[in-house]
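Everything below concerns the one structure shown next.
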Amino acid sequence: MWEKAQEIQYPSILPQAGEMKAALTPPPTPKEKQRPNYILRVQVLLCLLAAAAVLAMSRVAPEAYRQCGDAFRAAMDSGVELNGQEQLLKFTSETVSSLQAGALDVMARLERVTGAHQPDDEQAPELTGAGGQLAAFWPFVPEGNSTKSYQPPFELALPLESFYITSDYGWRKHPVTGKSDFHTGVDLAAAEGTPIRPAAGGVVQKSEYSDSYGNNVVILHSDGVTTRYCHMQYVFVRQGETVDENTVLGTVGQTGMVTGPHLHFELLCDGVRYDPDKALGLA
């Protein structure tokens, strides 16, 4: 009698359907977190700021806007390739410099229109911070300068009998370097050789030469007031000499950094430069 054979279960060597799919599917690659492109964001922001500045300039300072447009067209006509990084950076730098000069000029004009100068009855200059109303916008006003007018406690006479103003006090585009520059005085153009007289009596504090001012003389008056006369052709006074309104300090010239004969006149009080237009009766 045959004994009933014991059933033996052998494990299946064939993979199941789910195991087969898992074996054929590559393991998932961990997805890296994409970092934000800060350079692109900065470039977009700069473009928006430039567009806003151009739009504001076209309405507030149409002349500066026209100059920027002329510079852009000149660059295009001269073959500036904006696809090259070096050319693009150079053109952008020049454009930003032009925009800055225009903006600073607009700020100076707005300050004059809104009455940022000191009242007529205010004699003493405010020395709490160089720059007056624009001190909060440092470095728009260089240290040692003020955008306010200052009237000394004595009258100032015109240093030249005849002249015409070529450059006022404040921000401008430098006629030699072409860069934005804070003009520390007023330029009075006159024929070379025209006699220069002091605006008031005093003592010659300096009689010297510098690369920028050329031949120049500094007169020390009372109450800490000094006046400076620059770009002179000849100097007729020496340090320590006492002068009055009839003394001839020298003659108009074009020494130093200039583009033509003129007198650069500065008004200072306690070492701070002020807009001399009002004190000279030019405003």
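The numbers here are math on the coordinates, done by the rules we state, and not lab data. Values in this document were obtained by computation on a predicted structure and should not be read as measured data. Cβ atoms come from the backbone with ideal geometry, glycine included; neighbour counts cover every protein chain shown.
Close amide H partners of Thr147, meaning residues 5 or more places away or on another chain with modelled amide H under 5 Å apart, are Gly131, Gly132, Gln133, Leu134.
Coupling constants for the stretch 179-192 follow from the phi torsions by the Karplus curve (6.51 cos²θ - 1.76 cosθ + 1.60, θ = phi - 60°), and in residue order they are 9, 5, 8, 8, 7, 8, x, 10, 9, 10, 7, 7, 5, 4 Hz; glycine and proline get x. Working note: Karplus 6.51/-1.76/1.60 with θ = phi - 60° gives the stretch 226-243 the couplings 10, 10, 10, 10, 10, 6, 6, 6, 10, 10, 10, 10, 10, 4, x, 7, 8, 10 Hz, where Gly and Pro are set to x. Taken along the Cα-to-beta-carbon direction at a fixed 7 Å, the label points for Phe236 and Ala189 span 2.5 nm. Stretched out straight at 0.36 nm per residue, the stretch from Thr259 to Leu55 would grow longer than its current Cα-Cα span by 70.1 nm. Remark on Tyr213: its backbone amide H falls under 5 Å from those of Met257, a criterion applied only to residues 5 or more positions apart or on other chains, H modelled at 1.01 Å from N.
Scanning residues 5 or more positions from Glu241 or on other chains, those with amide H under 5 Å from its amide H are Val204, with H placed 1.01 Å from N in the peptide plane. Summarising the label geometry, the points placed 7 Å from Cα in the beta-carbon direction at Leu282 and Ala157 lie 1.9 nm from one another. Taking label points 7 Å from Cα along the Cα-to-Cβ direction, Val42 and Thr166 give a separation of 4.2 nm. Quick one: go through the stretch 155-191 and flag any residue whose amide nitrogen is under 16 Å from the point 7 Å out along the Cα-to-Cβ line of Asp211. Taking a point 7 Å out along Cα→Cβ of Asp211, the residues of the stretch 155-191 whose backbone N falls under 16 Å are 176-178.
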